[in-house]
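Trainee: Sending over a structure as structure tokens; questions will come in a sec.
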Amino acid sequence: MKPEIRITELREILNDHNYRYYVLNDPIISDGEYDVLFKELESLEQAHLELIHSESPTQRIGASPVTEFGTIQHQIPMLSLANAMTMDDLVAFNERAKKGLETNSITYIAEPKLDGLGVELVYKNGSLSHGSTRGDGFTGEDITHNLRTIRAIPLRLRTENSAVPSLLEVRGEVFIEKDGFSKLNQRQELDSKPVFANPRNAAAGSLRQLDPSVTATRPLSIYCYETGVIQGQSFDDHSSFLNALKTWGLPVNPLIQTVVDAAGLTTYHQELVKQRNDLPYEIDGTVFKINNYAQRNKLGTRSRSPRWAIAGKFKAQQATTVICDIDVQVGRTGALTPVAKLKSVFVAGVTVTNATLHNQDEIERKDIRIGDTVLIERAGDVIPKVVKVVKDKRPKGTRPFHIPDTCPVCSHQAYRSEGEAIWRCGNISCPRQVKGRIQHFASKLAMNIDGLGEKVVDQLVEEGYVNSIARLYSLNQDELAGLERLGEKSANNLIQAITGSKKTTFARFVFALGIRNVGEHVAKLFENYFSGDLSRFIQTSTDELEALDGVGPVGAKNVVQFWADPSNKKIVYTCLDMGVTLAKVEKNEHQLFAGQVFVFTGALEKFNRKDAKDIVDALGGKITSSVSKNTQYVVAGIGAGSKLKKAEELGIPVLSEAEFLEMVKAS
Ligand code: IVH
């Protein structure tokens, strides 16, 4: 068969399987079989690059990462829904609508209210053109690159059963199923990344990724439920619109039903309350919409919500129980989190034994004590929260609870950064943190120690061989050979990988230390600023760091706090003693601005901040955001104020934009 024919065929086959899976809910092949077909298409396309079509299922991650999101105006605002808190509210809604429409019976479409994120998809002549978040209802963020990665969203609408409109704006909810959510969190944990509190946060975080290849790994799904502008076709009612969506290949929630009058509203609502915990995804209520579009138009909308629809809110799922104890748990980053140990209680479909108390402030605000009877609530979150203490059930003799000021695991002094509610253990060798830290230290973008995976790290720490990153460099073959599942050859390879990692760079090593808020980018920034001189970095101050563009006050404080701890310094010096060497940072002394620090202030007219940064960077200089004695030049635009004054006080030369450009030209 000719490749172009097979490629077209495979594209259609894969799209058909997607349609069966996401829309008809009736898959006929397994994931494995799908993957085989997908790989066949991928390799054929790789052999015939000219035959790759942007709508091919292989092209979902089409775009490279963006640096920021663009904005998209919604042609028709994305409204919210008024809430009905009780059954009476639903009945009253029906009465109002009947009165407004001068009728005694109304047909509604009843839908589950999904707890995800509202988005808008725009199809032009059947092809997915762009997609956006709801934003403030009028303007959303352009997340086309991420929405394209969601397999439930067709890149092209199906036409075999009905023609597609020239323009289709369709709204829906992007969400993550409960199952996919727990797997995602397990994966996050394995990768030593923060876990998400609930599926909604996970969906939101996934859609706000700058890099679509990350979004593609997240188990996102969608159900479509409303229209925006449609051109080239029109519908008389919501049920025919929803049917059309299905024929076009857009997923629509199968629990959607037609109901009539108040009894229809309340029955559907109560039915969903019962089903709620058995559904594969989180819902937080029901939505009722008048079916007939002429009736919708007659009722019209208020400023933020339509008169023709209402959300039936579910009551939070709560229960009362007793706090038997409060545990202070130490997280991977050293955060000390108080967790209430509860007398077990059944709520929201699961047995609950823990509730998060967040931090000391929260404990004080709610005056939570061991022995208290408390009302807890589970709103899709992994760990429920304490809503309030039932004060009149408080036993005699309870005392206010205080998080200890030493780490409950290693007894090291805990600290609380200014402006932060959380206490942390400051010891990078704290056993609770050590596994995560070593994994991070060994990871690809850090010291890149091949073979030091999670299982090996776990064993090394548990068997007591390794208690800090420094100790990795004195491991010997015999110690490694003693580990389960690590043959002699792998042990040998690992020793070589550890030895090989000693030759590294300042940026990698500093990133590898896992200082909070110091990611790869900031580590690189430090490497440039300190010209790779670790001892200067160790002696830095918050003022010096905060002045750097890209470093905030919290990050600066974390670095200084890190170096203030003698045990951290000791570990770093031990690494250096064991042979870790940081590559020299080449300074080009001949560059015009080599080593010079600039501050730009006021409104710039001749170039923008980004141009300024590019110019200064290219000539070997640095830009910081505040003026200090380390600043060589201040470039002042219109309306420059306090920074200009500071420069004058410190006697630092001030340049106009034109003078700066003159200097650059001279180079
Ligand atoms: S209809 C005017 N239908 O709830 C109609 N919204 O408070 C507005 N939502 O922002 C949307 N499930 O993100 C509609 N079946 C459903 C929904 C739903 C969840 C969300 C949506 C919207 C919010 C409205």
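The values are calculated or read from the model by the stated rules, or taken from the named source; none is laboratory data. None of these values were measured; they are calculated from a predicted model. Note: ideal-geometry Cβ built from the backbone for every residue, glycine included; neighbour counts use all protein chains shown. The area values use the complete protein model at the heavy-atom level, side chains included, leaving out ligands, DNA and RNA. Shrake-Rupley method; radii C 1.70, N 1.55, O 1.52, S 1.80 Å.
Trainee: Provide the per-residue ³J(HN,Hα) series for the range 400-412, in order, calculated from phi with Karplus coefficients 6.51, -1.76, 1.60 and θ = phi - 60°, each as a whole number of Hz, with x at glycine and proline positions.
Mentor: The phi angles translate into x, 9, 10, 5, x, 8, 10, 5, x, 8, 10, 6, 5 Hz.
Trainee: Another question, if that's okay. For the chain, what is the mean residue ellipticity at 222 nm derived from helices alone (per DSSP H run of n ≥ 4: -39500 (n - 2.57); sum divided by total residues; nearest 500 deg cm²/dmol)?
Mentor: Details: 24 runs with 240 residues, N = 667.
That calculation yields -10500 deg cm²/dmol at 222 nm.
Trainee: Between Leu299 and Thr258, what FRET efficiency follows from the Cβ-Cβ distance if R0 is 25 Å, with the result rounded to 0.05?
Mentor: Details: r = 18 Å, r/R0 = 0.73.
Here the calculated transfer efficiency is 0.85.
Trainee: What FRET efficiency would be calculated for the residue pair Arg394, Asp26, taking the C-beta separation as r and a Förster radius of 41 Å, to the nearest 0.05? Provide the component values of the computation, followed by the final result.
Mentor: Values: r = 56 Å, r/R0 = 1.36.
Computed FRET efficiency for Arg394 and Asp26 comes out at 0.15.
Trainee: Calculate how steeply helix 553-564 sits against the longest principal axis of the alpha-carbon atoms of the chain, using the helix alpha-carbon long axis, and give the answer as 0 to 90 degrees to the nearest 10.
Mentor: Roughly 40 degrees, rounded to the nearest 10.
Trainee: Given a 1.4 angstrom probe, I'd like the percentage of the accessible area of the range 214-275 that is carbon and sulfur, rounded to a whole number. Mind dumping the intermediate values first?
Mentor: Values: 1310 of 2560 Å².
Roughly 51 percent, rounded to a whole number.
Trainee: Another one. Filter the cross-link list Lys274/Lys388; Lys366/Lys396; Lys246/Lys313; Lys193/Lys557; Lys444/Lys502; Lys343/Lys366 down to pairs whose alpha-carbon distance in this structure exceeds 24 Å. Don't jump to the answer; show the numbers that get you there.
Mentor: On the way: Lys274/Lys388 26 Å; Lys366/Lys396 18 Å; Lys246/Lys313 27 Å; Lys193/Lys557 22 Å; Lys444/Lys502 14 Å; Lys343/Lys366 19 Å.
Result: Lys274/Lys388; Lys246/Lys313 exceed 24 Å.
Trainee: Need the C-alpha centroid separation for the range 150-180 versus the range 387-466, integer Å.
Mentor: 44
Trainee: Going by a ≥ b ≥ c, the root eigenvalues of the Cα gyration tensor, does the range 244-336 fall in the rounded group (a/c under 1.5), the prolate group (a/b larger than b/c) or the oblate group? Let's see the in-between values first.
Mentor: On the way: a/c = 2.34, a/b = 2.10, b/c = 1.11.
Verdict is prolate for the range 244-336.
Trainee: On to the next question. Using only the Cα atoms of the range 14-156, what do you get for the radius of gyration and for Dmax, in Å?
Mentor: 20.9, 66
Trainee: Please give, to one decimal in nm, the separation of the simple spin-label points placed at Lys99 and Val664, each 7 Å out from Cα toward the Cβ.
Mentor: 6.6
Trainee: Per residue Cα convex hull volume for the range 513-567, in cubic angstrom?
Mentor: Working: hull volume 4.1 nm³, N = 55.
Hull volume normalised by residue count: 74 Å³.
Trainee: Going by a 4.7 Å Cβ-Cβ cut-off, which cysteines of the chain have no partner at all?
Mentor: Cys224, Cys324, Cys575 - these cysteines have no disulfide-compatible partner (Cβ-Cβ under 4.7 Å) in the chain.
Trainee: Amide H of Ile326 versus every other amide H placed in the peptide plane: which residues, excluding those fewer than 5 positions away on the same chain, fall under 5 Å?
Mentor: Lys341
Trainee: Rounded to the nearest 5, what % of DSSP beta bridges with both residues in the chain are antiparallel?
Mentor: Values: 77 of 90 bridges.
Taking every DSSP beta bridge with both residues in the chain, the antiparallel ones total about 85 percent.
Trainee: Classify the range 537-615 as rounded, prolate or oblate from the Cα gyration tensor: take a ≥ b ≥ c as the square roots of its eigenvalues, call it rounded if a/c is under 1.5, otherwise prolate when a/b beats b/c and oblate if not.
Mentor: Values: a/c = 3.77, a/b = 1.68, b/c = 2.25.
It is oblate, given that a/c is not under 1.5 and a/b is not larger than b/c.
Trainee: Another question, if that's okay. With a bin width of 5 angstrom, please list the P(r) values of the range 317-374 as percents of all Cα-Cα pairs, from the 0 bin to the one holding the largest distance.
Mentor: 4, 19, 27, 24, 16, 8, 1
Trainee: Let me ask something else about it. Over the range 194-279, what lengths in whole Å, largest first, do the semi-axes of the equivalent ellipsoid take, defined as the square roots of 5 times the eigenvalues of the alpha-carbon gyration tensor?
Mentor: On the way: eigenvalues 173, 102, 20 Å².
Over the Cα atoms of the range 194-279, the semi-axes work out to 29, 23, 10 Å.
Trainee: Additional query: According to the square roots a ≥ b ≥ c of the eigenvalues of the Cα gyration tensor, what is the shape class of the range 407-522, taking rounded for a/c under 1.5, prolate for a/b larger than b/c otherwise, and oblate for the remainder? Don't skip to the answer; put the middle values down first.
Mentor: Numbers: a/c = 2.82, a/b = 1.51, b/c = 1.86.
Because a/c hits 1.5 or more and a/b fails to exceed b/c, the range 407-522 counts as oblate.
Trainee: For the range 183-190, what does the Karplus curve 6.51 cos²θ - 1.76 cosθ + 1.60, with θ = phi - 60°, yield as ³J(HN,Hα) per residue in whole Hz, taken in order and with x for Gly and Pro?
Mentor: 5, 4, 5, 4, 5, 4, 5, 4
Trainee: Could you report the accessible area of Glu189 in Å², rounded to 10, computed with a 1.4 Å probe on the protein chains as they sit in the structure?
Mentor: Roughly 130 Å² of Glu189 is accessible to a 1.4 Å probe.
Trainee: Diagonalise the Cα gyration tensor of the chain and give the resulting equivalent ellipsoid semi-axes, square root of 5 times each eigenvalue, largest first, whole Å.
Mentor: Over the Cα atoms of the chain, the ellipsoid semi-axes are 48, 35, 30 Å.
Trainee: At a 1.4 Å probe radius, carbon and sulfur cover how many percent of the accessible area of the range 1-156?
Mentor: 50
Trainee: Additional query: Can you compute 3J(HN,Hα) from phi for each residue in the range 29-44, using the Karplus curve 6.51 cos²θ - 1.76 cosθ + 1.60 with θ = phi - 60°, rounded to whole Hz and x for Gly and Pro?
Mentor: 10, 7, 4, x, 5, 4, 4, 4, 5, 4, 5, 4, 4, 4, 6, 4
Trainee: How long is the gain from Glu420 to Val585 if the chain were fully straight, where each residue apart is worth 0.36 nm and the alpha carbon distance is subtracted? Walk me through the intermediate numbers first.
Mentor: Numbers: separation 165, 0.36 × 165 = 59.40 nm, distance 3.50 nm.
This chain segment gains 55.9 nm when fully extended.
Trainee: Would you mind getting the accessible area per residue of the chain, heavy atoms of the protein chains only, 1.4 Å probe, in Å²? Mind dumping the intermediate values first?
Mentor: Numbers: 32570 Å² over 667 residues.
Ligands and nucleic acids excluded, the figure is 49 Å² per residue.
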